Amino acid sequence: MDSAPSVNATYLDSAAQTLVKVLVAGPFGVGKTTLIGALSETTPLHTEETMTQAGAAVDDLEGVRDKDTTTVAIDFGRRTLPHDLVLYLFGTPGQRRFKPLWEDISRGALGALVLVDTRRLGDSFEVIDMIEEAGLPYAIAVNTFDDAPNYEPLVLRDHLDLAPDTPLIACDARDPRSGIDALIALVSHLLTNSAMDSAI
Ligand SMILES: Nc1nc2c(ncn2[C@@H]2O[C@H](COP(=O)(O)OP(=O)(O)O)[C@@H](O)[C@H]2O)c(=O)[nH]1
Ligand SMILES: [Mg+2]
């Protein structure tokens, strides 16, 4: 005889959810793994390789304290926002030399949250260029490291050459509440740009 379904079953009706893939992008050491780890409601997956001597020549560690590994693949997590909007978060390497991998990971994504470190603004140009080339809408989240310069938003927009409607917010990648606010800024931007019309 089949056993009765458990009254404690917590499965959600998948029809009631909207599933959206977004990227968490940014240069090496900016806090992608930290952010996804802080706010994922599933155990985050991440693949990280210890930096090799060869990689040391191209992965500039200056200004990145306590950082002796570099992500060569992806981080993956999931976060549900209000209204049963389920975000699948893919942390992506920011280096152009990983472009084929980046293209695979970014397929089907509706947008990107780009993390920026104001101590190393120039490191963000490459990843922002790749996202713009892919035609993905994005929001910028400045991960506020303690010793990072604090720019006026207009100055930062100018440095990063942002469109006027691109969201620019400060966040602390270690703080889930702050990370969620950053994701909400991205999702609001996607909705404004109708990128999610067909998904919702
Ligand atoms: N002080 C401070 N440290 C952070 C913050 N976010 C990340 N870190 C640290 O910065 C380093 C790089 O972060 P990580 O998430 O590995 O960067 P990723 O390469 O972009 O995945 C780690 O040692 C983190 O603990 C932050 O908001 N404030
Ligand atoms: Mg990482």
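The values are calculated or read from the model by the stated rules, or taken from the named source; none is laboratory data. All figures in this text were calculated on a predicted structure; none of them were measured in a lab. Side chains are part of the model used for accessible areas, which takes the heavy atoms of the whole protein and leaves out ligands, DNA and RNA. Shrake-Rupley method; radii C 1.70, N 1.55, O 1.52, S 1.80 Å.
Details
- Accessible surface, 1.4 Å probe, highest first, among residues Ser40, Ser188: Ser188, Ser40
- Full-stretch length increase - Asp158, Leu81 - with 0.36 nm per residue and alpha-carbon distance subtracted: 24.6 nm
- Residues whose amide H falls under 5 Å from that of Phe28, counting only those 5 or more places apart or on a different chain, are Gly94, with hydrogens built in the peptide plane.
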